[in-house]
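Taking it in order: structure first as structure tokens, then the write-up.
The values are calculated or read from the model by the stated rules, or taken from the named source; none is laboratory data. Every value quoted in this text rests on a predicted model; they were computed, and no experiment measured them. Positions of Cβ are backbone-derived with ideal geometry, glycine not excepted, and every protein chain shown enters the neighbour counts.
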């Protein structure tokens with residue numbers, strides 16, 4: 001009987017991970033392993049530390065609240081090695097439409113357009129500067145498109 | 001003291017348990033991160049969601065989610081005036097590329113982002129036969145991939161449909177609330193990229209977190225409250241038709 005109990009205890013100690021039961025009925029080390037994974041999105045504070053010119057532009061427009069990686073995608077690798085890893089060129093015709101294409105489910109106060117009517121196939125950055133999208137009188141385009149949807 | 005057989009039988013298991021704790025050491029999620037000082041939650045402000053899918057794309061990229069599977073997704077609801085209990089819900093590709101324009105018809109339309117609710121009393125952790133999924137001391141439901149059998153009990157148990165089996169690893173997978181980010185002082189990838197602030201990470205144990213004021217001053221609901229799961233994803237402005 002004693003041998004059986006000792007054998008059981010030894011076997012259990014050998015088989016069960018050493019951190020099992022540390023916090024509950026699971027492997028305690030799994031928490032540290034989950035926390036140790038590398039990040040993919042650097043966070044806007046990291047981007048802003050270098051791209052101060054863009055920060056200044058964004059402050060003048062409504063996109064000030066939009067984080068860099070919302071459009072540019074995950075850039076932690078670029079932040080780690082800015083010289084050799086460059087962010088891909090973006091297609092504004094796709095990017096801007098994701099947020100601003102008219103849709104009855106979007107909040108009524110959110111600026112929306114029917115891109116086919118609004119831009120006629122032109123890329124959005126032909127007229128709008130993405131970091132400061134409002135077209136100023138002194139900007140590239142002088143006129144506001146008449147087909148802007150009122151949502 | 002004489003070592004009798006009775007005493008030996010009592011002492012041996014106790015010694016084994018004590019030795020296990022000696023071996024375990026004192027792991028901590030991150031050097032300056034204290035598990036007991038946080039209780040993570042999320043706030044989803046439905047009236048702010050524009051269905052752009054930024055959160056879905058960011059989540060996929062951050063967590064290497066397989067194509068066609070989603071840790072978070074966005075649903076578009078259409079609720080007609082006379083069918084409030086039977087809303088039309090769609091989520092093409094999880095809303096990853098946004099939503100195509102919809103046909104305007106009577107009723108109301110809105111977007112609802114979904115993710116794991118990180119329940120305090122989660123059914124998924126209760127059914128796991130091996131302890132591969134669990135609630136951390138800081139309130140996040142995680143999956144231990146190296147311990148998961150892929151038995152799918154948890155996938156069936158989740159009332160919110162937030163789990164799936166990763167086809168590459170054959171283990172259960174779900175939103176980890178970007179545990180690798182929040183333990184480093186960052187916000188989740190979905191909250192980071194949300195252009196309208198419709199998603200906000202919240203720490204209920206932090207008295208300075210704006211969530212406390214928000215919960216006091218807004219009508220906030222959780223999904224399926226009748227399930228009593230202790231869900232910690234709070235929805236502001238949620239229509240009664242949302243399931």
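Yes or no: the stretch B:189-210 includes at least one residue that is assigned to a helix (DSSP H, G or I), without any contact (Cβ under 8 Å) to a residue 40 or more places away in the chain, crowded, with 17+ Cβ neighbours inside 10 Å and touching a strand residue (DSSP E or B) at 6+ places or on another chain (Cβ under 8 Å).
No, every residue in the stretch B:189-210 fails to be assigned to a helix (DSSP H, G or I), without any contact (Cβ under 8 Å) to a residue 40 or more places away in the chain, crowded, with 17+ Cβ neighbours inside 10 Å and touching a strand residue (DSSP E or B) at 6+ places or on another chain (Cβ under 8 Å).
Kindly list the number of the only condition in (1) within 9 Å of chain B (Cβ to nearest Cβ); (2) surrounded by fewer than 20 Cβ atoms within 10 Å (Cβ to Cβ); (3) at pLDDT below 95; (4) closer than 30 Å to residue B:126 by Cβ that fails for residue A:32.
(3)
Looking only at the stretch B:119-144, how many residues end up being in contact with a helix residue (DSSP H, G or I) (Cβ under 6 Å, 6 or more places away or on another chain) and either more than 8 Å from chain A (Cβ to nearest Cβ) or within 15 Å of residue B:156 (Cα to Cα) (or both)?
Going through the stretch B:119-144 one residue at a time, the tally reaches 7.
What number goes with the only condition from (1) facing another protein chain (nearest Cβ under 8 Å); (2) farther than 24 Å from residue B:36 by Cα that residue B:95 does not pass?
All conditions pass for residue B:95, except number (1).
Condition check: in contact (Cβ under 8 Å) with a residue 60 or more places away in the chain and within 16 Å of the chain's Cα centre (by Cα). Does residue B:74 satisfy that?
no
Are any of the residues in the stretch A:50-61 outside the structural domain of residue A:111 (by TED's automatic domain parsing), without any contact (Cβ under 8 Å) to a residue 40 or more places away in the chain, assigned to a loop (DSSP other than H, G, I, E, B) and surrounded by fewer than 18 Cβ atoms within 10 Å (Cβ to Cβ)?
yes
Pull up the stretch B:166-184, narrow it to residues that are over 18 Å from residue B:118 (Cα atoms) and without any contact (Cβ under 8 Å) to a residue 40 or more places away in the chain, then point me to the one that is surrounded by the most Cβ atoms within 10 Å (Cβ to Cβ).
If we take residues in the stretch B:166-184 being over 18 Å from residue B:118 (Cα atoms) and without any contact (Cβ under 8 Å) to a residue 40 or more places away in the chain, then B:171 is surrounded by the most Cβ atoms within 10 Å (Cβ to Cβ).
Could you figure out which of (1) within 13 Å of chain A (Cβ to nearest Cβ); (2) assigned to a loop (DSSP other than H, G, I, E, B); (3) over 28 Å from residue B:88 (Cβ atoms) isn't true of residue B:149?
It fails just one condition, (1).
Please go through the stretch B:107-134 and pick out each residue that is assigned to a strand (DSSP E or B) and within 30 Å of residue A:108 (Cα to Cα).
Within the stretch B:107-134, B:108, B:109, B:110, B:111, B:112, B:113, B:114, B:115 qualify.
Does residue A:70 satisfy being within 8 Å of chain B (Cβ to nearest Cβ), surrounded by 13 or more Cβ atoms within 10 Å (Cβ to Cβ), in a loop (DSSP other than H, G, I, E, B) and on the phi < 0 side of the Ramachandran plot?
no
Please verify whether residue A:32 is assigned to a helix (DSSP H, G or I) and within 30 Å of residue B:144 (Cα to Cα), treating the condition exactly as stated.
yes
So in the stretch A:35-49, with the set limited to residues that are within 8 Å of chain B (Cβ to nearest Cβ) and in a helix (DSSP H, G or I), which one is nearest to residue A:67 (Cα to Cα)?
Checking each candidate, the answer is A:44.
Hey, does the stretch B:161-171 have a residue that's under 30 Å from residue A:44 (Cβ atoms) and in a loop (DSSP other than H, G, I, E, B)?
yes
Given the conditions (1) in a loop (DSSP other than H, G, I, E, B); (2) modelled with pLDDT of 95 or more; (3) under 28 Å from residue A:70 (Cβ atoms), report the number of the one that residue B:137 does not fulfil.
(3)
Tally time: how many residues in the stretch B:97-118 are crowded, with 21+ Cβ neighbours inside 10 Å and touching a helix residue (DSSP H, G or I) at 6+ places or on another chain (Cβ under 8 Å)?
Total satisfying the criteria: 7.
Any idea which of A:2, A:15 is more than 11 Å from chain B (Cβ to nearest Cβ) and at pLDDT below 95?
Among A:2, A:15, only A:15 is more than 11 Å from chain B (Cβ to nearest Cβ) and at pLDDT below 95.
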